[in-house]
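Below is one structure, written out as structure tokens; comments come after it.
The values are calculated or read from the model by the stated rules, or taken from the named source; none is laboratory data. Just so it is clear, the structure is predicted and the values come from calculations on it, not from any experiment. Counting neighbours? That spans all protein chains shown, and the Cβs are built from the backbone with ideal geometry, glycine included. Side chains included, ligands, DNA and RNA excluded: accessible areas come from the protein's heavy atoms. Shrake-Rupley method; radii C 1.70, N 1.55, O 1.52, S 1.80 Å.
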Amino acid sequence: MSALKNPRVLGTLAVLVFVALTPVAFGDENYIMRVITVGLCSAIAVYGMNIILGFTGQLSLAQGGFFGIGAYAVGLLTTDFDWSFWQAFLVAVVGTSAIGYLSGLIALRTKDEYFAIFTMAIGFIIYLTISRWESVTHAHSGVNNVKFPEAGDVIDFSNPTAMFYLVFVILLICVYVTYAVRRSSVGRALLTIRTSEDLADAIGVSVGLNKQLAFAASAFFGGIGGGLYASVVGFIGPDAAAVDKTFEFLMFILVGGMGTVAGPLVGTMIVTFLFELFQDFQAYRFIVLGPIIIALVIFAPRGIVGYLGGFVDKRRRKRRKPSSRRDTATVTTTEEVK
């Protein structure tokens, strides 16, 4: 119950309630519901990037590739091999996590900008494999008619609202996992690594193991987001694994706020809305959004949620100071009377 008194927790809950109620306003608009649901799929992948970048301080540029692996695994297994969605989804998530873990074994031998370049190379290799291996991935022809999740006669997930709530429930789990990790000893270890790897090593934190787990966790979230994305959209092409996808995720987390619980969701939904707003200028949208991102990085480097969290913390500190002064004055007066 004490957590509910925390303004940051209340703010996160308010954002989640707002997103949960969007079908009330747009339930009859299938296109809008589909766009929002795709945004939630992206947000899940961005939560993975938040663990490796926001918590651990490692700029991984392979997240778009892991997202694409999850999407293609679900797409190919449900169409070419006629698997059920849930079977394909499980294999996609486990497979993406395994590939992420093995990639991390090599990538984490590098540091700083070399790590970023190496992971971008991993993402590019994934994209080239998907776009050129025509006998397996269908290359630029893509994968069509990806199956929806099955729920018997209970729920029809071909309905955009039903699919929205399925993705939203999975997103809720991801948000809670992020919150739990941040408050756990593992989260404190990751934040210590972000501050200083030498300090973390000096106080007994297993730097290599924690970074490895964070990298695998980012791939795990990417696989979940990609697998759901394939089912929501129904058609996937190589663009689902493009390096551009990684930079979109990076933009989402920069706008929302790295290392925060609500930041990935807030940033994803805001930028997705702006993308839709400027969809008639698709080729020039980054020209329009670029200055906005630069302004945010300059004036709110911690993102929207980070900035608001800092503002709230300052207000709380100011309120505590007068009360502490009154307590000191009361104690002084009492002593004088005595």
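Return a single number: how many Lys pairs in the chain, at a sequence separation of 8 or more or on separate chains, have alpha-carbon atoms below 20 angstrom apart.
Close lysine pairs under the 20 Å cut-off: 4.
How large, in percent, is the carbon and sulfur part of the accessible surface of region 52-142 at a probe radius of 1.4 Å?
Of all accessible area on region 52-142, carbon and sulfur atoms account for 67 percent.
With a 1.4 Å probe and all protein chains left in place, how much accessible area per residue does the chain have, in Å²?
52 Å²
Protein chains only, probe 1.4 Å: how do L166, L13, L209 rank by accessible area, largest first?
The most accessible residue leads, giving L209, L13, L166.
Taking the structure as given and computing semi-axes √(5λ) of the Cα gyration tensor in Å, which label from (i) 34, 21, 20; (ii) 39, 25, 19; (iii) 49, 36, 20 fits?
Of the labelled values, this structure produces (ii).
Of V91, V266, which has the most accessible area and how do the rest follow, probe 1.4 Å?
From most exposed to least exposed: V91, V266.
Cut-off 10 angstrom, C-alpha nodes, Gaussian network model of the chain. Which of V233, V94, V288 fluctuates the most?
V288
So the label point goes 7 Å from the Cα of I287 along Cα→C-beta, right? Which residues of region 235-276 then have their backbone N under 18 Å from it?
Residues 275-276 qualify, since their backbone N sits under 18 Å from the label point.
Efficiency by 1/(1 + (r/R0)^6): what FRET value for V136 and L191, r their Cβ-Cβ distance, R0 = 45 Å, to the nearest 0.05?
Numbers: r = 41 Å, r/R0 = 0.90.
Using R0 = 45 Å, I get an efficiency of 0.65.
What figure in square angstrom, to the nearest 10, would you give for the accessible area of E150 with a 1.4 Å probe?
Estimated to the nearest 10 Å², E150 gives 70 Å².
Any idea of T161's accessible area? Nearest 10 Å², probe 1.4 Å.
Solvent-accessible area, nearest 10 Å²: 40 Å².
Just read off the accessible area of F157 with the full protein assembly in place, 1.4 Å probe, to the nearest 10 Å².
20 Å²
Given the rule -39500 (n - 2.57) for each run of at least 4 DSSP H residues, summed and divided by the residues of the chain, what is its mean residue ellipticity at 222 nm, to the nearest 500 deg cm²/dmol?
-25000 deg cm²/dmol
How many angstrom lie between the Cα centre of region 107-137 and the Cα centre of region 171-238?
19 Å
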